[in-house]
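Undergrad: Got a structure for you, questions after.
The values are calculated or read from the model by the stated rules, or taken from the named source; none is laboratory data. All figures in this text were calculated on a predicted structure; none of them were measured in a lab. Glycine gets a Cβ as well: all are built from the backbone with ideal geometry, and neighbour counts include every protein chain shown.
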Amino acid sequence: MSFATVVDVLAGKVAVGEQVTVRGWVRTRRDSKAGISFINIHDGSCFDPIQAVVPNELDNYESEVLKLTTGASVAITGTVAESAGKGQAYELQATKVEVYGLVEDPDTYPMSPKPHSMEYLREYAHLRPRTNVTGAVMRVRNCLAQAVHRFFHERGYMWVSTPILTASDAEGAGEMFRVSTLDMMNLPLTEQGAVDYSKDFFGKESFLTVSGQLNVETFACALSKVYTFGPTFRAENSNTSRHLAEFWMVEPELAFADLNDIADLAEDMLKYCINAVLEERADDMAFFQQRIDKTVLDRLQQIVSNKFVHMDYSEAVEILQNCGKKFDYAVEWGTDLQSEHERYLAEEHVGAPIVLKNYPKDIKAFYMRQNDDGKTVAAMDILAPGIGEIIGGSAREERLDRLDARMQEMGLPMEHYSWYRDLRRYGTVPHAGFGLGFERLVTYVTGMTNIRDVIPFPRAPKNLEF
RNA sequence: UCCCCAGUAGCUCAGUUGGUUAGAGCGGUGGACUGUUAAUCCAUGUGUCGUUGGUUCGAAUCCAACCUGGGGAGCCA
């Protein structure tokens with residue numbers, strides 16, 4: 001007996017007439033008094049389920065087959081046949097139905113075969129992978145993740161696993177989650193009455209990382225082309241459809257590179273990943289196009305076939321000031337752009353992803369390379385229509401005197417960054433990198449509206465189930 | 001964290017100028033029919049009306065606080 005996945009059978013990889021066993025979960029069962037039941041089985045290998053045609057002559061037809069409901073798990077053995085019905089090229093003429101597990105109360109099985117709201121599905125994060133929408137999201141997510149690794153691998157980048165536990169706030173990127181093994185009911189105190197972290201596990205304060213960037217920079221300054229791809233954590237009290245407390249970030253870092261190099265790298269990477277999804281997950285994308293976002297395929301096609309628009313921050317400010325549109329917040333050189341401004345630029349002015357470059361230094365992080373004008377830094381954001389900032393990057397300040405000056409201006413504790421400063425003291429090189437919020441990419445590519453629906457188990461303020 | 005909105009059956013929602021027995025569709029179940037596929041047709045049930053407190057003769061309905069969710073904002077990726 002040989003086993004086959006649903007995708008292999010539906011794709012015709014199993015010859016007609018051959019006997020195989022398919023294992024999975026029941027999506028629907030329809031009975032015909034002509035003496036057969038149609039059972040649709042999904043196993044996650046592709047969007048479509050396979051139809052098994054089950055004759056009532058089977059021994060367990062009455063006792064088990066007729067008890068199969070949505071969610072039951074089965075192994076169905078049968079002969080692959082060209083389907084007599086519409087809707088699928090191949091089906092399984094069942095000769096044996098083995099039941100792993102029935103659904104104990106079909107009436108209250110949470111994933112009933114009907115449309116559910118995304119909010120409802122979120123409450124069943126352990127069962128929602130069985131739904132069309134979550135299954136499709138996770139296949140696309142996987143496709144994107146694999147494409148990220150492939151993209152960098154093909155270009156000679158090395159994947160560096162940067163640490164999750166850290167001592168320093170990398171860039172003031174956000175509030176950090178504290179990690180501690182101290183007894184919270186009985187905290188050791190210093191003579192001054194502060195918590196004595198020298199008694200803690202690491203002998204000092206420790207946190208979950210907010211970014212792998214500073215760590216990965218050290219490897220860029222030795223291995224030249226590197227990236228990190230892993231989870232990051234922000235303890236911000238952000239309650240939006242675009243933020244998570246735990247999310248994955250792709251952060252390439254490239255030595256001997258400037259801002260334009262990584263802007264191009266970012267554009268190439270996005271196009272590569274989107275092309276991968278269009279090629280490998282056409283079935284899932286057809287579903288998103290039909291049920292989730294009627295514009296998603298057009299949008300993705302446009303991205304892969306057009307050059308991104310580059311624009312300096314200063315130019316964007318001028319455009320916003322002269323566009324004649326009324327904004328809730330005034331646009332002024334030197335302030336950060338508001339969501340409404342970013343949305344206008346990406347959605348109305350350009351209608352495609354836009355690369356904004358050379359921001360005022362005062363609204364950006366300390367490590368960003370200072371431009372010769374004395375006012376701006378070599379930073380860039382890529383803004384995507386419908387979702388806003390999807391990528392943020394910069395050239396890094398490689399000149400020690402400039403870096404120190406900036407850190408002093410911003411009041412950063414120099415001693416925490418000694419190793420970071422060493423990179424500038426010993427054989428410094430120009431380098432640049434960016435960060436891509438992976439879930440934002442998945443959101444954008446699928447057309448989903450809430451980022452909590454594109455990660456298996458979303459973590460957000462007041463939300464840590466499962 | 002701020003502003004706005006919502007929370008009633010397994011799910012999606014209607015209802016309520018405070019008043020006996022709380023409504024529909026879908027799902028489930030039973031039946032009919034059918035190479036069906038969001039099947040169709042007939043029958044059928046279901047409720048701490050988010051939680052706690054208050055006002056009242058009486059609260060699902062009014063008020064307050066809280067919890068949870070949604071939309072927007074801020075922070076960012």
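Undergrad: Where the second residue is in a loop (DSSP other than H, G, I, E, B) and within 7 Å of RNA strand B (Cβ to nearest atom) and the first is within 21 Å of residue A:4 (Cα to Cα) and lies in the stretch A:84-106, which pairs have Cβ atoms under 9 Å and are six or more apart or on separate chains?
TA: Listed by first residue and then by second, the contacts come to A:89/A:83; A:90/A:83; A:91/A:83; A:91/A:84; A:91/A:85.
Undergrad: When the stretch A:419-445 is examined, which residues are found to be under 21 Å from the mean Cα position of the chain (by Cα) and in a helix (DSSP H, G or I)? Give the derivation first.
TA: Filtering the stretch A:419-445 for residues under 21 Å from the mean Cα position of the chain (by Cα) gives A:433-445.
Within the stretch A:419-445, A:438, A:439, A:440, A:441, A:442, A:443, A:444, A:445 qualify.
Undergrad: Tally the residues that are over 30 Å from residue A:395 (Cα atoms) and modelled with pLDDT under 90, restricting the search to the stretch A:172-203. Before you say what the answer is, go through the steps one by one.
TA: Residues of the stretch A:172-203 that are over 30 Å from residue A:395 (Cα atoms), as a first pass: A:179-203.
Those still in the list that are modelled with pLDDT under 90 too: A:184-185.
Residues meeting the conditions: 2.
Undergrad: Would you mind finding the one in A:365, A:378, A:395 that is assigned to a loop (DSSP other than H, G, I, E, B) and over 30 Å from residue A:446 (Cα atoms)? I'd like the intermediate steps shown before the answer.
TA: Working: A:378 fails: assigned to a loop (DSSP other than H, G, I, E, B); A:395 fails: assigned to a loop (DSSP other than H, G, I, E, B).
The conditions single out A:365.
Yes or no, residue by residue, for (1) assigned to a loop (DSSP other than H, G, I, E, B); (2) out of contact with any helix residue (DSSP H, G or I) (no Cβ under 6 Å at 6 or more places or on another chain):
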position	(1), (2)
A:320	no, no
A:336	yes, no
A:342	no, yes
A:347	no, yes
A:383	no, no
A:390	no, no
A:411	yes, yes
A:417	no, yes
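Undergrad: Taking the stretch A:220-275 only, how many residues are within 25 Å of residue A:208 (Cβ to Cβ) and small (Gly, Ala, Ser)?
TA: 6
Undergrad: Going through A:214, A:259, A:223 one at a time, which residue ends up being more than 13 Å from RNA strand B (Cβ to nearest atom), farther than 20 Å from residue A:446 by Cβ and buried (at least 16 other Cβ atoms within 10 Å of the Cβ)?
TA: A:259
Undergrad: Write out, first by first residue and then by second, each pair whose Cβ atoms fall under 9 Å of each other, whose residues are 6+ apart or on separate chains, and whose first residue, in the stretch A:446-466, is in a loop (DSSP other than H, G, I, E, B) while the second is more than 10 Å from RNA strand B (Cβ to nearest atom) and polar (S, T, N, Q).
TA: Note: pairs meeting the criteria are A:447/A:289; A:447/A:295; A:454/A:446; A:456/A:134.
Undergrad: Answer yes if at least one residue in the stretch A:87-108 is within 15 Å of RNA strand B (Cβ to nearest atom) and closer than 30 Å to residue A:266 by Cβ, and no otherwise.
TA: no
Undergrad: Still on this model: Here is a check on your reading of the model: is residue A:452 among the charged types (D, E, K, R), touching a strand residue (DSSP E or B) at 6+ places or on another chain (Cβ under 7 Å) and within 10 Å of RNA strand B (Cβ to nearest atom)?
TA: Yes, satisfied.
Undergrad: Being part of a loop (DSSP other than H, G, I, E, B), closer than 20 Å to residue A:309 by Cβ and touching a helix residue (DSSP H, G or I) at 6+ places or on another chain (Cβ under 7 Å) narrows it down to one of A:357, A:325, so name that one. So that I can check it myself, show each step before the final result.
TA: Details: A:357 fails: part of a loop (DSSP other than H, G, I, E, B).
Unique residue meeting the criteria: A:325.
Undergrad: Pairs please, first residue from the stretch A:321-346 and more than 12 Å from RNA strand B (Cβ to nearest atom), second anywhere and of a type in the set (Asp, Glu), Cβ atoms under 8 Å, 6+ apart in sequence or on different chains.
TA: What qualifies is A:325/A:348; A:334/A:362.
Undergrad: When both residues are 6+ apart or on different chains and their Cβ atoms are under 8 Å apart, which pairs have a first residue that lies in the stretch A:3-29 and is touching a residue at least 60 places away in the same chain (Cβ under 8 Å), and a second that is in a strand (DSSP E or B) and acidic (Asp, Glu)?
TA: The qualifying pairs are A:16/A:82.
Undergrad: Which residues, counting only those in the stretch A:282-311, are at pLDDT below 90 and hydrophobic (A, V, I, L, M, F, W, C)?
TA: A:292, A:303
Undergrad: Also, I was wondering about something else. Could you look through the stretch A:117-130, keep only residues that are crowded, with 17+ Cβ neighbours inside 10 Å and in a loop (DSSP other than H, G, I, E, B), and pick out the one that is farthest from RNA strand B (Cβ to nearest atom)?
TA: Checked the stretch A:117-130; the qualifying residue farthest from RNA strand B (Cβ to nearest atom) is A:125.
Undergrad: If residue A:266 satisfies all but one of (1) in contact with a helix residue (DSSP H, G or I) (Cβ under 6 Å, 6 or more places away or on another chain); (2) within 13 Å of RNA strand B (Cβ to nearest atom); (3) among the small types (Gly, Ala, Ser), what's the number of the condition it fails?
TA: (1)
Undergrad: Among the residues in the stretch A:92-104, are any of a type outside the set (Lys, Arg) and either touching a Phe, Trp or Tyr at 6+ places or on another chain (Cβ under 6 Å) or within 30 Å of residue A:289 (Cβ to Cβ) (or both)?
TA: First, the residues of the stretch A:92-104 that are of a type outside the set (Lys, Arg): A:92-95, A:97-104.
Going one step further and asking which of them are either touching a Phe, Trp or Tyr at 6+ places or on another chain (Cβ under 6 Å) or within 30 Å of residue A:289 (Cβ to Cβ) (or both), we end up with A:92, A:103.
Yes, there is a match, as at least one residue in the stretch A:92-104 is of a type outside the set (Lys, Arg) and either touching a Phe, Trp or Tyr at 6+ places or on another chain (Cβ under 6 Å) or within 30 Å of residue A:289 (Cβ to Cβ) (or both).
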